[in-house]
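The values are calculated or read from the model by the stated rules, or taken from the named source; none is laboratory data. The model shown is predicted, which means the values in this text are computed figures rather than measured ones. Methodologically, a virtual Cβ is constructed for each residue, glycine included, from the backbone with ideal geometry; neighbour enumeration extends over all protein chains shown. Each accessible area value is taken on the protein alone, full model and side chains, heavy atoms only, with ligands, DNA and RNA left out. Shrake-Rupley method; radii C 1.70, N 1.55, O 1.52, S 1.80 Å.
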Amino acid sequence: MSPQHKFLLDESKLPKAWYNINADLPIPPQPVLHPGTLQPVTPDFLSVLFPMSLILQEISTERWIEIPEPVREIYKLWRPTPLLRAVRLEKALDTPAHIYYKYEGVSPVGSHKPNTAVPQAFYNKEAGTKALTTETGAGQWGAALAMACSFFDIDLEVYMVKVSYQQKPYRRIIMENFGAEVYASPTDRTHAGQAALATDPNNPGSLGLAISEAVEVAATSGGSKKYSLGSVLGHVLLHQSVVGIEALEQMEMAGEYPDFVIGCAGGGSNFAGFAYPFLHQNLTNGKTSKIIAVEPASCPSLTKGTYTFDYGDQAAMAPVVKMHTLGHTFIPPGIHAGGLRYHGMSPSVSALVNHGDIEARAVPQLATFEAALTFMRSEGIIPAPESAHAIRVAIDEALKCKATGEKKVIAFNLSGHGHFDMMAYEAYHHGQLEDYEYPAEAIAEAMTHLPQVAF
Ligand SMILES: Cc1ncc(COP(=O)(O)O)c(C=O)c1O
């Protein structure tokens, strides 16, 4: 009998609460520091950028946080998302492993990002926010927040990393369709952008720099604009936990439990959203899944970065947090997985990697695209280049099972589709993609600019 392919939950199974890893962290959380004084921030400082409800979520240690009903209503447009067993991929690899993937590309904009864009817009609306600013890498986050802002009637300004703005014009147009204004970062609209352009007029941009621009605009708006971040922060990871909460239940429907739980990691939000509910089982329920965060070899914050305090953005305006970092001034090579070009990593993911609860792996660009094609030629879905990093490691583990004959269960998060990443695939087909060397010199230079913190 052919194995079951799809594990679907109906709307009544949509989670009612998010899972907060802060309740179960095996190490105490580190302080968040003010970028000027390098002393712990006060909620007042953060409230220039964020509504108080999100700040309180950031520091909450409640294990379960209720999802507001209006957010659940919007989630129902695409949630619960399917969990699939990659039966055809298993056959193509000739592996005894069972491979499952949670597919977040069914959201209206094609990725996991609306899982936090919608609640962030909701809480901002509740607090009276009329306009938001944000950054975006590949455009998935910007598109998600543009949709959420249009639902809640909030204006939006997006600073899009220039290299992606040029490579991915369709995501810009999606944002504009939802009514957002989109700028190629670095721009001459901010001091941070002007300084970057003065040093290098051809600066390709980076997430760290786009964050500086978006933060600067909100912080100097006299209170008329707030700022929204699509990854890294605790409240973002919290909102993404719907992914893993559903997946846990779907694995139960499948009658299996994953030996491997895998996600790609840029700032850490889709990885954590998928993995933390399984990690909860490891930490509190005796389960032993190996939990793996996958990053690009050319921007290897978790595998090659230092676990230390650093600024969240390039211009040193955002709060300073303890994380794996390559140095906030580091500009990663212009790889096509734009959403994975961030110098740092979410503090909780960093702490858990440092503590040994999560394993980190780095994969090169060409092997990642090869894995994406192997996957799509059996499962039919064109993955986002970011998500393909998770596929690479899932396939690697399945091939190890082929060699040993072991029947492991592998689950990964397919964080988005790649329908607007065709230029990347075309470059791959024409042999124009390269495996960048580990940018050791640039990283060593950037590491000389770390803040001198007394903690
Ligand atoms: C499809 C997709 N996956 C993953 C990421 C990486 O972000 P995060 O690590 O926050 O999930 C992005 C970021 O833009 C993305 O668009």
Using the Cα atoms of region 132-241 to build a convex hull, what is its mean projected area in square nanometres? 6.8 nm²
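Would you work out if region 246-295 is rounded, prolate or oblate? Take a ≥ b ≥ c from the square roots of the eigenvalues of the alpha-carbon gyration tensor; rounded if a/c is under 1.5, else prolate when a/b is larger than b/c, oblate otherwise. Before the final figure, lay out the partial values.
On the way: a/c = 1.94, a/b = 1.56, b/c = 1.24.
Cα axes put region 246-295 in the prolate bin.
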How many angstrom separate the Cα center of region 205-259 from the Cα center of region 343-357? 15 Å
Can you pull the Kirkwood radius for region 82-151, inverse mean 1/r over Cα pairs, to one decimal in Å? 14.2 Å
Cα-based radius of gyration of region 1-93 once divided by 2.2 N^0.38 Å, which approximates compact folds: 1.63
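For the chain, what does the accessible surface come to per residue with a 1.4 Å probe? Please give it in Å². If you can, show how the numbers build up before the last one.
Numbers: 16760 Å² over 455 residues.
Computed with neighbouring chains in place, this is 37 Å² per residue.
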Given H placed 1.01 Å from N in the peptide plane, which residues other than close sequence neighbours of M345 have an amide H under 5 Å from its amide H? H324
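On the accessible surface of the chain, probed at 1.4 Å, how many percent belong to carbon and sulfur atoms? Each step should come with its number before you reach the end.
Details: 8840 of 16760 Å².
C and S fraction of accessible area: 53 percent.
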Candidate lysines for bridging to K13, where Cα separation is under 26 Å - those fewer than 8 sequence places away on the same chain excluded: K76, K102, K113, K287
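Among 401-411, 365-375, 209-219, 59-69, what's the highest-first ranking by average C-beta atoms within 10 angstrom per residue?
Values: 401-411: 16.6, 365-375: 20.7, 209-219: 26.8, 59-69: 14.0.
Packing order, densest peptide first, comes out as 209-219, 365-375, 401-411, 59-69.
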Give me the lysines in straight-line cross-link reach of K304: C-alpha distance below 18 Å, same-chain residues under 8 apart excluded. K322
Normalised by the number of residues in the chain, what is the relative contact order in percent for Cα pairs under 8 Å and 6+ residues apart? 19 percent
Mind listing the long-range amide H neighbours of K290? Cut-off is under 5 Å, sequence gap 5 or more, other chains count too, H placed in the peptide plane at 1.01 Å from N. F260, V261
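Among 248-255, 179-186, 286-293, how do they line up by average Cβ neighbours within 10 Å per residue, starting with the highest? Provide the component values of the computation, followed by the final result.
On the way: 248-255: 16.0, 179-186: 21.8, 286-293: 17.9.
So the peptides 248-255, 179-186, 286-293, ranked by packing, come out 179-186, 286-293, 248-255.
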Based solely on C-alpha atoms, express the radius of gyration and the Dmax of the chain in angstrom. 20.3, 65
Which of L229, F278, P296 sits farthest toward the positive end of the charge dipole of the chain, with +1 on the Cβ of Lys and Arg and -1 on the Cβ of Asp and Glu? F278
Can you grab the distance from the C-alpha centre of region 120-135 to the C-alpha centre of region 265-314, Å, no decimals? 27 Å
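Given the DSSP H assignment, sum -39500 (n - 2.57) over each helix run of at least 4 residues in the chain and divide by its residue total; what's the result at 222 nm in deg cm²/dmol, nearest 500?
-12500 deg cm²/dmol
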Work out which helices of the chain, taken as complete DSSP H runs, extend at least 24 Å along their axis over the Cα atoms and score a mean Kyte-Doolittle of -1.0 or more, then list them. 234-254, 385-404
Amide H to amide H, which residues 5 or more places from V182 or on other chains are under 5 Å from it, using H placed in the peptide plane? V158
Over all viewing directions the Cα convex hull of region 207-341 casts an average projected area in nm² of 9.6 nm²
For region 306-316, Karplus couplings with θ = phi - 60° (6.51, -1.76, 1.60), whole Hz, Gly/Pro x: 9, 8, 7, 6, 8, 5, x, 9, 6, 8, 6
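Using the Kirkwood formula on the Cα atoms of region 365-451, what hydrodynamic radius do you get, in angstrom to one decimal?
In region 365-451 this quantity evaluates to 14.9 Å.
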Net charge near R171, counting Lys/Arg +1 and Asp/Glu -1 over other residues with Cβ under 12 Å of its Cβ? +1
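Rank-order 259-271, 322-334 by packing density, defined as the average count of other C-beta atoms within 10 Å over each peptide's residues, highest first. Write down the numbers at each step before the final one.
Details: 259-271: 30.7, 322-334: 24.5.
Listed from highest to lowest mean packing, they are 259-271, 322-334.
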Name the residue from M345, T134, Y257 whose Cα lies farthest towards the positive end of the charge dipole of the chain, charges +1 on Cβ of Lys and Arg and -1 on Cβ of Asp and Glu. Y257
